[in-house]
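Report on one structure; see the data block that follows.
The values are calculated or read from the model by the stated rules, or taken from the named source; none is laboratory data. Note that the coordinates shown come from a computational prediction; the quantities given were computed from them, not determined experimentally. Glycine also receives a Cβ, built like all others from the backbone with ideal geometry; neighbour counts cover every protein chain displayed. The accessibility values were calculated without ligands, DNA or RNA, using every heavy atom of the protein model including side chains. Shrake-Rupley method; radii C 1.70, N 1.55, O 1.52, S 1.80 Å.
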Amino acid sequence: MQQSVMKAWWDSSHMAGGNATYIEEMYEAFLDDSQSVSDEWRDIFEKLPKLDGVEVETKHSLVRDQFRHLAALGPASRVSSAQSTASGSDEKQVKVLQLINAFRFRGHQHANLDPLGLWKQPRVRDLELSHHNLSEKDFDTTFNLGSYAIGKESMPLGELFDSLNRTYCGSIGTEYMHITDTDQKRWLQHRIESVQAKPEVAREDKINLLKGLVAADGMEKYLGAKFPGAKRFSLEGGDSLVPMLKALISHAGSNGTKEVVVGMAHRGRINTLVNVLGKNPSVLFDEFSGKHDDSLGAGDVKYHAGYSSDFATPGGNLHLALAFNPSHLEIVNPVVIGSVRARLDRRGCSDGSLVLPITIHGDAAIAGQGVVQETFNMSQTRGFQVGGTVRIVINNQVGFTTSKTEDARSTQYCTDIAKMVQAPIFHVNSDDPEAVLFVTRLALDYRNQFKRDVVIDLVCYRRHGHNEADEPNATQPIMYQKIKIHPVPRKIYADQLIAEGVIEAHEVKKLVSDYRAALDHGACVVEEWRPMTEHSVDWSPFLGHDWDVNYDSSISVDQIKELGEKLCTFPADYTLQSRVAKLYKDRVSMINGEKALDWGMAENLAYADIVTRGSNIRMTGQDSGRGTFFHRHAVLHNQTDGSDYIPLANMNDDQGKMEIYDSVLSEAAVVAFEYGYATAEPGTLTIWEAQFGDFANGAQVVIDQFLSSGEAKWGRLCGLTLLLPHGYEGQGPEHSSARLERFLQMCADHNWQVCVPSTPAQVFNMLRRQACRPLRKPLIVMSPKSLLRHPLAVSSIEELAEGVFHNVIDEIDDIVSNKVKRVVMCSGKVYYDLLEQRRKNEQTDVAIIRVEQLYPFPQAEFGQIMSKFKHVKDWVWCQEEPQNQGAWYCSQHHFRTALPRAATLTYAGRNASASPAVGYISVHNQQQKDLVDDALTIK
Ligand code: AMP
């Protein structure tokens, strides 16, 4: 077998992962006795290259050099084996290696993880000596240790067995053998085995751990006494989270991290806000007493609040941000990761080293919520990777009232989902803060070294019910009997340190009383807290404007032509697919004035203008490079070598960044990510495009909980743009409607803009407006499908150069206004159906007005156009959607207020329907004809 073939086989082999040690053993066995392995394996091993014609065995070390994986597998070389193993015990030697392997794989199943001691852990036979034909009689025999990284080549079995139990079955249960990359596994083994998972802990660290526990416990006790019965979603039972987070942030700072963004649900959040982020306790107490900050509009409950501060670390100050969070569990995590990506982009850091995401999960939620899988799936992709996330599970073993295993999940651990990306998982008993500290630093080092996600499962308990008013005994009686008598983590650790002579009892008492006094005093209790100076973006230019704020977006015909020329330039040796080549040829004709501009060209020109002005664009969606409907082609694919080229990223040297990614096939996590990105970066036009508009349903939680209401609840601006293909073209119930009515129903307080542009010039200026204005509001666009190629939906360069988005478009045909008897108002594609039919009918008594921005309703512009038709009493709203959908119910109050006093407003459209559209094309066509006729027929 050729080396390359062997390596390729090895890289892709299932044997390369968790079963690697098995091969190590087999290879060693083969070297001893080639007949001791199966024919198939003998065949493989014999085909290992015989360098310079020398026999395999004598060239073992060379072979290892050639095949790093095998090299990593086989430190138990024949030489050391001959020197140090007991004579005649080769078979036992193999068994000892298997025993080591068993502990690496399954030691976590015997680990002491549950602080309450309630877990019923079945005995794992692989961890018993007898399973490997070994016994205590072999304890004094010295065996080679293979790759066991304790810093020795050999050890008596008795010592080894102790060491394995200490390393893999103590307060830490490590799962990493599912990782296929040998370097990662060896790295982890070295870090864990070399200190037997229990390194020396410096006195300073011990004191800091204790202080963290004192603070965590003190905070909850204080709130419990001062505000009895108030909901605070106490951390009690998971107290280690506080010293853990502080150690994690501090370690990150020491390693050069400049920003940390944290996402967490309600459990322990108040404690984290005060004891980690340094929120002023007096502000918190005011909130408990019912006082609030009026600047945040509608506001939110205190256990959803975000916070920003700086934090001093040995590596300098870093910026800390806790993301605002709704009650929907887990959805904040992609938001946090999107925010981190924006910060990394701003800092020009592509490897994740400068900004760290920390996501904190609940045990029931991480196993139960699908967005967790979506987020893991994104973690290594081009458009969404951030160099790994440290994920912490506050595993209190119960989800509200649902017990751990039998009802909450179908896997042994709540963290099993993380194995899909081969993340290492450290289960740790939260009553052992030193073990928590060890895995915390290890996890961060792993993330920084390998740029991948890592999970810490902080196994703890919940001292009270889901909230403080709950009665947990009702549903978990045995657990809560145990909790009642279980000492708090602070006491357990303080007793340990007193016993070790690290601290004296009176000093512990003083720590507790000092903390309580600090709370009484009401000032910040986090020594490392620093006022905010380290965050790198200024939102003030975007504050305090309404949607109709003035902005300069003027552009000349020549400028558009120049942009168009650059847009159509790509490397000379690029071979485009024939349809794409034709499309680009057409684009050149459009710029030369030989053809009218279509939608795809106008949209690309908008992006070209935006990046040329120095703003950035980030666009994602399942097919955003090409466009679902083959209209965008912002990413070119060379037919000869498959390479990509993005003209928009090559406009000029000092342009803004143009990033466009086809996304993972998810809506919830991707839209949440983009929301996070847009709320952290006002300088980037952030766009998510749905493959079909109705797929936005998959992101409904993000749309409801963040996009529509984030500014009202939390004062967080967001300029995210959603492009949602929408239009009734007979494609059936699934691909007709982007559910416009849902977006309109959520409109209030000018929370976002809902637009239905109907021409290329309109999309050009709508997108430019979104980027140019000193305003960051979400933009919901009903974007077209058939209009992309509709012969009437074209614009001239001059129309683009008008530079403004028209919120309402007046009648365009030669209709004399005082002859008009009916005005039809509409939005979107139906306009062209109405126009064509009216032209066919040669009607002059009906005017058609397009409302291009449904919300905020453009009263002033509408009023101007309406003034020409003041005499008209018959006004009609025409829509393609069924009556209970579209704009009719949600926008008619705006239309009515804007109409002449004596006017009547009637409806022309489909009848109300449970389904968005019919499935039969003939029925669709008839309905479409009827609604157009209905709109144009004056009774
Ligand atoms: P952060 O970097 O997220 O901690 O934000 C730092 C500060 O910037 C916050 O305290 C806010 O004052 C401001 N800020 C951050 N994001 C936004 C936003 N989306 N809208 C308005 N202000 C923001």
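For the range 844-921, what Kirkwood radius comes out of the mean inverse Cα-Cα distance, in Å?
13.7
With every protein chain left in place, what is the accessible area per residue of the range 345-464 in square angstrom, probe 1.4 Å?
29
What would the Debye equation give as log₁₀ I(q)/I(0) for the range 561-668 at q = 0.10 Å⁻¹, counting only Cα atoms as equal point scatterers?
Log10 of I(q)/I(0), two decimals: -0.27.
Over what distance in Å are the Cα centres of the range 147-206 and the range 764-804 separated?
60
Determine the per residue accessible area of the range 278-336 with all protein chains present and a 1.4 angstrom probe, expressed in square angstrom.
38
Return one quarter of the surface area of the convex hull spanned by the alpha-carbon atoms of the range 483-618, equal to its mean projected area, in nm².
For the range 483-618, the mean projected area of the Cα convex hull comes to 20.9 nm².
Could you check how much of the accessible area of the chain is carbon and sulfur, as a whole percent, using a 1.4 Å probe?
50
Between 0 and 90 degrees, rounded to the nearest ten: what's the tilt of helix 888-898 against the longest Cα principal axis of the chain?
For helix 888-898, the angle is close to 50 degrees.
Please find the FRET efficiency linking Val588 to Glu527, where r is the Cβ-Cβ separation and R0 is fixed at 45 Å, and quote it to the nearest 0.05.
Calculated transfer efficiency: 0.10.
Got a number for the accessible area of His178? Probe 1.4 Å, square angstrom, nearest 10.
50
Would you work out if the range 174-239 is rounded, prolate or oblate? Take a ≥ b ≥ c from the square roots of the eigenvalues of the alpha-carbon gyration tensor; rounded if a/c is under 1.5, else prolate when a/b is larger than b/c, oblate otherwise.
Verdict is oblate for the range 174-239.
Can you tell me how much longer the chain between Ala474 and Arg901 gets when fully stretched, taken as 0.36 nm per residue apart minus their C-alpha distance, in nm with one decimal?
The Ala474-Arg901 span can extend by a further 147.4 nm.
Expressed in nm to one decimal, what extension gain is obtained for the pair Ser282 and Asp43 from 0.36 nm per residue of sequence separation less their Cα-Cα distance?
Between Ser282 and Asp43, full extension yields an extra 78.7 nm.
Over the Cα atoms of the chain, what radius of gyration and what Dmax do you get, in Å?
Using the Cα atoms of the chain, the pair Rg, Dmax is 32.9, 111 Å.
For Cα pairs less than 8 Å apart in space and 6+ apart in sequence, what is the mean separation divided by the residue count of the chain, i.e. the relative contact order in percent?
10
When a/c is below 1.5 the answer is rounded, else prolate if a/b is larger than b/c, else oblate, so apply that to the range 238-313 with a ≥ b ≥ c taken from the square roots of the Cα gyration tensor eigenvalues.
It is prolate, given that a/c is not under 1.5 and a/b is the larger ratio.
By per-residue mean of other Cβ atoms within 10 Å, what is the highest-first order of 193-202, 350-359, 279-288?
Going by the mean number of other Cβ atoms within 10 Å, highest first, we get 350-359, 279-288, 193-202.
Within a Cβ distance under 12 Å of Leu788, other residues only, what is the Lys/Arg minus Asp/Glu net charge?
Here the count lands on +1.
Filter the cross-link list Lys419/Lys451; Lys120/Lys482; Lys595/Lys840; Lys561/Lys777; Lys211/Lys451 down to pairs whose alpha-carbon distance in this structure exceeds 20 Å.
Check vs 20 Å cut-off fails for Lys595/Lys840; Lys561/Lys777; Lys211/Lys451.
Between beta-carbons, use under 10 Å as the cut-off and find the net charge around Leu116, counting Lys and Arg +1, Asp and Glu -1.
Cβ neighbours under 10 Å give a net charge of -1.
Any chance you could give the angle, 0 to 90 degrees and rounded to 10, that helix 20-32 forms with the longest Cα principal axis of the chain?
40
Stretched out fully, how many nm does the piece from Glu507 to Ser308 gain, at 0.36 nm a residue minus the Cα gap?
The Glu507-Ser308 span can extend by a further 68.4 nm.
Provide Arg203, Arg343 ordered by accessible surface of protein heavy atoms (probe 1.4 Å), highest first.
Solvent-accessible surface, decreasing: Arg203, Arg343.
Give the accessible surface of the range 818-891 per residue, rounded to a whole number of Å², with probe radius 1.4 Å and ligands, DNA and RNA excluded.
Normalised by residue count, the accessible surface of the range 818-891 is 35 Å².
Just to compare against my own numbers: the Cα pair-distance distribution for the range 786-939, 5 Å bins, whole % per bin, please.
Distribution as computed: 2, 8, 18, 22, 21, 16, 9, 3, 1 percent.
Sort 438-445, 140-147 for me by packing, meaning the mean count of neighbouring Cβ atoms within 10 Å per residue, highest on top.
The most tightly packed comes first, giving 438-445, 140-147.
Could you tell me how many degrees, from 0 to 90 and to the nearest 10, lie between the Cα long axis of helix 760-772 and the main elongation axis, the longest principal axis, of the Cα atoms of the chain?
50
Compute for the range 693-762: radius of gyration divided by Kirkwood radius, i.e. Rg/Rh, restricted to C-alpha atoms, rounded to two decimals.
That ratio equals 1.00.
The range 682-817: Rg/Rh from Cα coordinates, Kirkwood Rh?
So for the range 682-817, dividing Rg by the Kirkwood Rh gives 0.99.
Which GluC sites (Glu not before Pro) does the range 362-449 hold that lie in a coil by DSSP with at most 10 other beta carbons within 10 Å?
Of the GluC sites (Glu not before Pro), the ones in loops of the range 362-449 whose Cβ has at most 10 other Cβ atoms within 10 Å are Glu406.
Using unit Cβ charges (K, R positive; D, E negative) and no other charged atoms, how large, in debye to the nearest 20, is the dipole of the chain about its Cα centre?
My answer is approximately 1720 debye.
I need the shape label for the range 398-536. Rule: rounded when a/c is under 1.5, else prolate if a/b > b/c, else oblate, with a, b, c from the alpha carbon gyration tensor.
The shape class here is oblate.
Looking at Gly146, Gln189, Ala202, which one has the Cα that reaches farthest to the positive end of the dipole of the range 118-203 (charges on Cβ: Lys, Arg +1; Asp, Glu -1)?
Ala202
Output the peptides 252-263, 726-737, 407-418, 860-871 sorted from most to least packed, where packing is the average of other Cβ atoms within 10 Å over each peptide's residues.
252-263, 726-737, 407-418, 860-871
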